[in-house]
Amino acid sequence: MLSVNEARERIRSSFQATDIETVSLVASVNRVLGMDLAADHDYPPFDNSAVDGFAVRTDDASSLTLKVVADIPAGTSPSITLKSGEAARIMTGAEVPNGATAVIPVEDTDFKDHQAGTTAPQTISFEKKPAAGANIRRRGMDILTGEVVLQKGRVIKPQDLGLLATLGFANVTVHKRPRVALLSSGDELLPVDVPLEPGKIRDSNSYTIAALIENAGAEVIRLGVARDTREAVTSLLDRAIAESADLIISTAGVSVGAFDFIKEVIESNGSMDFWRVNMRPGKPLAFGSYRGIRFIGLPGNPVSAFVGFEVFVRPTLERMTGQMDRSWQTVRVRCAEEIDSDGRESYLRARIRTENGIPIASLTGHQGSGNLLSLVQADALLIIPAGVKCVPAGQEVDAILL
Ligand code: AMP
Ligand code: MG
């Protein structure tokens, strides 16, 4: 049986990043940047005042009382040159006039009328000459022309939009969202909005896995539930082809049950690379292709499907969405209790609390692969490596934070 790492690499390495497209700045948030972006001008674009106050010359040998010769609101470009003995009233963000080398905050002057709408005084007095450069934001002090400000492969954050707007990027080149077709399978599955019937349960995987796909930056094509027949499975898989999906994901039906038709249908219309991985939960994990489209079969049990997504599908979608290759992100946590394992690489639901700065992990109830409540209560998956049968209390293990 394949190890988790081998299986993940087999899956991941068979995908490439999607093509790029151009979207509006507003639509680019949470998308993956498709190229390096460099500034085509300096920022700030001109020397400007960091405060409301008075622009002065620091080389001015004259007195600490100056004649106010201009009033410079934000948004204007002053044409004057400040001479010895002169000052100009200036607002925050306004362009500093020629000749000025510092701005004195209005609070540090004898001009006490700070109401909006007041006209500039005739003269201005202050007690101490400012240092050269005081309260002036120099052209280019944040960003220089040609500087790469955001790199290809970055997931665009809200604060990135502000930077892109600052630099005039009305449109942004991003990777296309991969289209992922999702189906559940099983005769026992009912939709969420009908009463339970004997022998039936509600389909939960459709909801969890669809949300995970979207959360990873892909588009979901919801194919619904396939009944446990060859025809039903074939017909939903064919819909994924008609929708030109980039990837097909199913849950359940890839085990060794007498009605697990998915594996068989994939094999007779494509190929199966592998269908079992040495892990717990989630041993029945299939990877293959159906009529030329790659297929990942997650297990049916809801916790196994979730773990399978996090371990195999999320890293694959990161590659497909063009994200910079990230290393597998884990943290070290200390086990509060002794943990038994069966020698397979195991992913156990745990809650983390911090004691004296040390993260301590306790399991959240029984680890049955159908127990969604214990997944909901968990904020981490502890990774017990393959070959380990017992982790003593107090020992540290790797964990994925949820
Ligand atoms: P299977 O792989 O078809 O043998 O399914 C394994 C287990 O997962 C069974 O107990 C199924 O009832 C359960 N299961 C399969 N699909 C779903 C689903 N979409 N939602 C909730 N439970 C499921
Ligand atoms: Mg089934």
Task: Expected 222 nm ellipticity per residue - DSSP helices of 4 or more, -39500 (n - 2.57), all of the chain, to 500 - done: -5000 deg cm²/dmol
Task: Charge-dipole axis of the chain as Lys and Arg at +1 and Asp and Glu at -1 on Cβ define it, positive-most pick from 223, 261, 298 - done: 261
TODO: In whole Å, largest first, what are the principal axis extents of the Cα atoms in the chain?
DONE: 97, 53, 42
Open item on the list: Just to confirm my numbers, what's the Cα centroid distance between the stretch 369-396 and the stretch 1-16 in Å?
Closed with: 22
- [ ] Could you give log10 I(q)/I(0) at q = 0.13, 0.14, 0.16 Å⁻¹ for the stretch 113-249, computed by the Debye formula over C-alpha point scatterers of equal weight, without solvent?
- [x] -0.81, -0.87, -0.98
Task: Total formal charge among the other residues, if their Cβ is under 14 angstrom from that of residue 272, Lys/Arg +1 and Asp/Glu -1 - done: +1
Open item on the list: Please report the accessible area of residue 239 (heavy atoms, 1.4 Å probe, ligands and nucleic acids excluded) in Å², nearest 10.
Closed with: 100
Task: the stretch 90-172 - convex hull of alpha carbons, volume per residue in Å³ - done: 170
TODO: With springs connecting C-alpha atoms under 10 Å apart, model the chain as a Gaussian network and identify which of 33, 25, 182 has the largest mean-square fluctuation.
DONE: 25
Task: Long-range lysine pairs (8 or more apart or interchain), the chain, Cα under 21 Å - done: 12
- [ ] In a Gaussian network model over the chain where Cα atoms closer than 10 Å are linked, find which of 304, 125, 24 has the largest mean-square fluctuation.
- [x] 125
- [ ] Choose one of 5, 172, 26: the residue whose Cα lies farthest towards the positive end of the charge dipole of the chain (beta-carbon charges +1 Lys, Arg; -1 Asp, Glu; about the Cα centre).
- [x] 5
- [ ] Just check the stretch 243-364 against the gyration tensor rule for me: Cα atoms, a ≥ b ≥ c as the square roots of the eigenvalues, rounded for a/c under 1.5, and otherwise prolate or oblate depending on whether a/b exceeds b/c.
- [x] oblate
TODO: Please build a GNM for the chain, connecting alpha carbons under 10 Å apart, and tell me which residue among 21, 127, 264 fluctuates the most.
DONE: 127
TODO: Determine the equivalent ellipsoid of the stretch 27-82 by diagonalising the alpha-carbon gyration tensor, then write out the semi-axes as square roots of 5 times the eigenvalues, largest first, rounded to whole Å.
DONE: 40, 13, 11
- [ ] Only Lys, Arg, Asp and Glu count, each charged at its Cβ (+1, +1, -1, -1), so figure out the dipole size of the stretch 118-210 about its Cα centre, rounded to 20 debye.
- [x] 820
TODO: Summarise the accessible area of the chain (1.4 Å probe, protein heavy atoms) by the percent that is carbon and sulfur.
DONE: 50
Task: Size of the stretch 169-303 as Cα extents on the principal axes (Å, biggest first) - done: 58, 36, 31
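The values are calculated or read from the model by the stated rules, or taken from the named source; none is laboratory data. Since the structure is predicted, the reported quantities are computational estimates derived from the model, not experimental observations. Positions of Cβ are generated from backbone atoms using ideal geometry, with glycine treated the same way; all protein chains shown enter the neighbour counts. Calculation scope for accessible area: heavy atoms of the full protein, side chains included, ligands and nucleic acids excluded. Shrake-Rupley method; radii C 1.70, N 1.55, O 1.52, S 1.80 Å.
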